[in-house]
Amino acid sequence: MPLNEPAAPRARRRRRAEIAARIPRGYSPALHLAAPTALGVVVLAAVARLLDAVAPVELLAVPATLLLALAFEWWAHRSVLHRRAPLLGALCERHEREHHLAFTADDMALRSARELWLVLTPPCSALLVLALLLPIAAAAGLLLSRDAALLGLATAVGFFVSYEWLHLAYHLPPDSPVYRVPGLARLREHHRRHHDPRLMKRWNFNVTVPVFDLVRGTLWSPRPRGGA
């Protein structure tokens with residue numbers, strides 16, 4: 001570390017090193033990323049086998065579930081991860097005191113694969129998500145139809161996997177080849193702004209696509225030059 005490095009960056013580097021030191025010694029980044037991905041593949045394959053003569057109206061389960069997932073993502077990020085909700089304070093603590101302190105708006109990129117621990121949802125999340133979705137899908141099957149419920153289940157699990165991969169992409173170096181994918185650099189910038197401590201509790205809560213940031217008025221971007 002250079003001797004003339006400013007005190008603030010030096011303190012941030014030290015703080016990030018302290019957070020990274022708390023990552024479990026036997027942690028496997030590859031397994032952590034593979035678990036939700038494998039869940040998505042298994043669910044999608046199972047749904048493809050179980051679907052039978054899907055009616056056009058049943059296809060509406062896909063956009064309906066996607067909108068619900070985006071709304072839930074916005075609500076959970078705003079009201080659970082950035083506010084101490086009853087019985088869920090540990091999630092806020094982990095998110096604000098680890099993820100946001102390790103990755104600041106001017107230092108978003110992973111420095112090692114082990115830091116995936118600080119980006120992805122906890123390792124047990126994939127099984128927890130499936131456990132929560134299965135009874136909801138069963139109820140939807142009774143109230144609507146079997147195929148609509150299956151399509152909704154597949155969409156919800158696919159959304160969870162896309163959340164993990166997109167969030168990972170936002171924390172890659174800004175010159176990563178993944179940003180050749182159209183729109184991905186813009187989504188990263190939306191998330192990077194959220195990592196500004198001055199903005200994180202009020203703005204840019206959608207991580208995947210900022211639909212409900214737009215709907216709920218929490219979409220923040222710099223004012224144009226010369227604006228009021």
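Under the condition of being among the hydroxyl-bearing types (Ser, Thr, Tyr), in a helix (DSSP H, G or I) and within 19 Å of Ser112 (Cβ to Cβ), the residues counted in region 159-183 number 1. Looking at the structure I just gave you, is Val129 of a type in the set (A, V, I, L, M), over 14 Å from the mean Cα position of the chain (by Cα) and either over 14 Å from His171 (Cβ atoms) or buried (at least 16 other Cβ atoms within 10 Å of the Cβ) (or both)? Against the criterion (of a type in the set (A, V, I, L, M), over 14 Å from the mean Cα position of the chain (by Cα) and either over 14 Å from His171 (Cβ atoms) or buried (at least 16 other Cβ atoms within 10 Å of the Cβ) (or both)), Val129 does not qualify.
Give Arg186, Arg198 a once-over and let me know the one that is in a loop (DSSP other than H, G, I, E, B), out of contact with any strand residue (DSSP E or B) (no Cβ under 7 Å at 6 or more places or on another chain) and surrounded by fewer than 17 Cβ atoms within 10 Å (Cβ to Cβ).
Numbers: Arg186 fails: in a loop (DSSP other than H, G, I, E, B).
Going through Arg186, Arg198 in turn, the sole match is Arg198.
Let's see how each residue does on (1) touching a helix residue (DSSP H, G or I) at 6+ places or on another chain (Cβ under 6 Å); (2) modelled with pLDDT of 95 or more:
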position: Ala46; (1), (2): no, yes
position: Ala64; (1), (2): no, yes
position: Ala69; (1), (2): yes, yes
position: Ala76; (1), (2): no, yes
position: Gly89; (1), (2): no, no
position: Pro123; (1), (2): yes, no
position: Leu128; (1), (2): no, no
position: Leu134; (1), (2): no, yes
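Residues in region 22-40 that are surrounded by 14 or more Cβ atoms within 10 Å (Cβ to Cβ) and free of Cβ contacts under 8 Å to residues at least 12 places away in the same chain: 1 in all. Considering only residues of region 23-54 that are assigned to a loop (DSSP other than H, G, I, E, B) and hydrophobic (A, V, I, L, M, F, W, C), which is nearest to the chain's Cα centre (by Cα)? Here the answer is Ile23. Reported count of residues in region 61-113, each being among the charged types (D, E, K, R) and more than 18 Å from Arg193 (Cα to Cα), is 5. Each residue in region 164-199 was checked for being farther than 24 Å from Leu66 by Cα and aliphatic (A, V, I, L, M), and 2 pass. The sole residue among Thr208, Thr218 that is at pLDDT 95 or above, closer than 26 Å to Arg111 by Cβ and either of a type in the set (Ser, Thr, Tyr) or over 18 Å from the mean Cα position of the chain (by Cα) (or both) is Thr208. The set of residues in region 134-162 that are hydrophobic (A, V, I, L, M, F, W, C) and surrounded by fewer than 19 Cβ atoms within 10 Å (Cβ to Cβ) comprises Leu134, Ile136, Ala138, Ala139, Leu142, Leu143, Leu144. Helices (runs of 4 or more DSSP H) fully within region 57-158 that include at least 1 residues being free of Cβ contacts under 8 Å to residues at least 12 places away in the same chain and farther than 20 Å from Val207 by Cβ: 89-94, 125-143.
The values are calculated or read from the model by the stated rules, or taken from the named source; none is laboratory data. In this text, all values refer to a predicted model and were calculated from it rather than measured experimentally. Ideal geometry is used to build each Cβ from the backbone, glycine not excepted, and the neighbour counts take in all protein chains shown.
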